[in-house]
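A.B. asks: Below you will find the structure I want to go over with you.
The values are calculated or read from the model by the stated rules, or taken from the named source; none is laboratory data. Small disclaimer: the values here were computed from a predicted structure and weren't measured. Counting neighbours? That spans all protein chains shown, and the Cβs are built from the backbone with ideal geometry, glycine included. What goes into the accessible areas is simple: the full protein's heavy atoms, side chains included, and nothing from ligands, DNA or RNA. Shrake-Rupley method; radii C 1.70, N 1.55, O 1.52, S 1.80 Å.
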Number of protein chains: 2
Amino acid sequence: MTILAHPDTAQDGDREESAPTTRCRILAVAERSFREIGYQKTTVADIAKTLKMSPANVYRFFDSKKAINEAVVERVTGEIEALIARIADVAGLPAEARLRQAIEALHRDTVARWDGYPRIHEMIEAAMGESWGVCRHHIDRIGAVFERIVRDGVRTGEFEAEDPAVAARCVQAAITRHTHPLLVGQLPQVPEPTLDQVIAFVLRGLRPAR
Amino acid sequence: MTILAHPDTAQDGDREESAPTTRCRILAVAERSFREIGYQKTTVADIAKTLKMSPANVYRFFDSKKAINEAVVERVTGEIEALIARIADVAGLPAEARLRQAIEALHRDTVARWDGYPRIHEMIEAAMGESWGVCRHHIDRIGAVFERIVRDGVRTGEFEAEDPAVAARCVQAAITRHTHPLLVGQLPQVPEPTLDQVIAFVLRGLRPAR
């Protein structure tokens, strides 16, 4: 005998799992939909339907599509920050090598994550417009990782920077075209500067005067 | 006695002026509409109506909204390139001062042109997506102006650059956050690096090693 949930109160997905699992599944489905269908055309009802949940159950976790997007962006940016922080903290590697690897990883991750999804810009723009705090937080945390590497380099004499925090922010600005999700799509059509050329330029700007 | 044009063949604006003037008026109205109403919601019929023209007359000049946008972007980018080229060619000014002024002018122009029009990103994105050639051409021409300044500086010994073309492209990439129409809107909320800090960093990357 099969027991069916009452359709008005709960659908299949509504109470079979723990809250953190449900939250994760909502975010995974939302991210895929924002990527493939686009942020504009995705509705909370679509997300619920894919999960065989009632929209009301999705709203128990997130009070709006905007809140879902913020959580998606927080998850994605958190993964990226963890990746970069691991590289920054590798022991025994010169600061220059770590800075280079961190920049390359950031670039590769951005390209791999967004390439081939032309509608992804909608999600990024929604985040930049409605949820700037989340984006700003990400910029600050990546800047802080770069700053750690620059400070290490200044301490060992590899780098010279009057203000390591400002220098790190300038490095971050210099790689925007290679790491901003709204811009990397056009990179193959603007062949220069390559990321290698930008890294060499940035390292030149950090090297001691004599 | 008033002579009325036959409504099926021509409206008021259809044949009162020379073709270049009509072309210009179409572009001016289109640009204002893309800026204020947004590229998505603007139709060729709206543009014609504002000009008291038949849509057919607009189509005599531009075969699609995309073609109108390309012409708008070409006009805007042409103005910006002329502005930067004038600064690059000022006689008697050191290369460093000209590079600084060109960057500052590019930044100021971008902010003044797009600030306060949240829908402008639609037009920029349409250009980046459907008419990349026009954007690419603009990037190339600004890069060429920067390259001219860098070459001057290398010749006078102010700058040092293994490949001035690559160095100029790296300078251009480094100021993306301060000069890209899709990004300048967020600048007030990412206070660092300031444009001055980026310019100082870039000049450090160009200065001779000893």
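A.B. asks: Any idea which of (1) modelled with pLDDT under 80; (2) surrounded by fewer than 12 Cβ atoms within 10 Å (Cβ to Cβ) is the one A:ASP12 doesn't satisfy?
C.D. replies: Among (1) modelled with pLDDT under 80; (2) surrounded by fewer than 12 Cβ atoms within 10 Å (Cβ to Cβ), the lone unmet condition for A:ASP12 is (2).
Residue-wise test of (1) touching a helix residue (DSSP H, G or I) at 6+ places or on another chain (Cβ under 7 Å); (2) surrounded by fewer than 20 Cβ atoms within 10 Å (Cβ to Cβ); (3) in a loop (DSSP other than H, G, I, E, B); (4) aliphatic (A, V, I, L, M).
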| site | (1), (2), (3), (4) |
| --- | --- |
| B:ARG23 | yes, yes, no, no |
| B:ALA30 | yes, no, no, yes |
| B:THR42 | yes, no, yes, no |
| B:ALA48 | yes, no, no, yes |
| B:LYS52 | yes, yes, yes, no |
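A.B. asks: Quick one: in segment B:89-119, which of the residues that are outside any helix (DSSP H, G or I) and closer than 14 Å to B:PHE34 by Cα is nearest to the other protein chains (Cβ to nearest Cβ)?
C.D. replies: B:PRO118
Here's the yes/no breakdown for (1) within 24 Å of B:PRO188 (Cβ to Cβ); (2) assigned to a helix (DSSP H, G or I); (3) more than 10 Å from every other protein chain (Cβ to nearest Cβ):
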{"position": "A:HIS121", "(1), (2), (3)": "yes, yes, no"}
{"position": "A:ALA127", "(1), (2), (3)": "yes, yes, yes"}
{"position": "A:HIS138", "(1), (2), (3)": "yes, yes, yes"}
{"position": "A:ARG141", "(1), (2), (3)": "yes, yes, yes"}
{"position": "A:PHE146", "(1), (2), (3)": "yes, yes, yes"}
{"position": "A:VAL154", "(1), (2), (3)": "no, yes, yes"}
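A.B. asks: Just wondering, is there one or more residues in segment A:185-192 that are surrounded by 18 or more Cβ atoms within 10 Å (Cβ to Cβ) and at pLDDT 95 or above?
C.D. replies: No, that holds for no residue.
A.B. asks: Filtering segment A:157-184 down to residues that are buried (at least 18 other Cβ atoms within 10 Å of the Cβ) and over 23 Å from the mean Cα position of the chain (by Cα), which residue is nearest to the other protein chains (Cβ to nearest Cβ)?
C.D. replies: Applying the filter and picking the extreme gives A:ALA161.
A.B. asks: Another one. Going by the conditions given, is A:ARG207 charged (D, E, K, R), open to solvent by 10 Å² or more (accessible area, probe 1.4 Å) and free of Cβ contacts under 8 Å to residues at least 40 places away in the same chain?
C.D. replies: no
A.B. asks: Pick from B:GLU70, B:GLU96, B:GLU104, B:GLU81: which is surrounded by fewer than 20 Cβ atoms within 10 Å (Cβ to Cβ), acidic (Asp, Glu), in the same structural domain as B:ALA161 (by TED's automatic domain parsing) and touching a Gly at 6+ places or on another chain (Cβ under 8 Å)? Spell out how you get there, then give the answer.
C.D. replies: Values: B:GLU70 fails: touching a Gly at 6+ places or on another chain (Cβ under 8 Å); B:GLU104 fails: touching a Gly at 6+ places or on another chain (Cβ under 8 Å); B:GLU81 fails: touching a Gly at 6+ places or on another chain (Cβ under 8 Å).
The match here is B:GLU96.
A.B. asks: Those residues that are in contact with a His (Cβ under 6 Å, 6 or more places away or on another chain) and modelled with pLDDT under 95, I need them from segment B:78-131; list them, please.
C.D. replies: Result: no residue meets the conditions.
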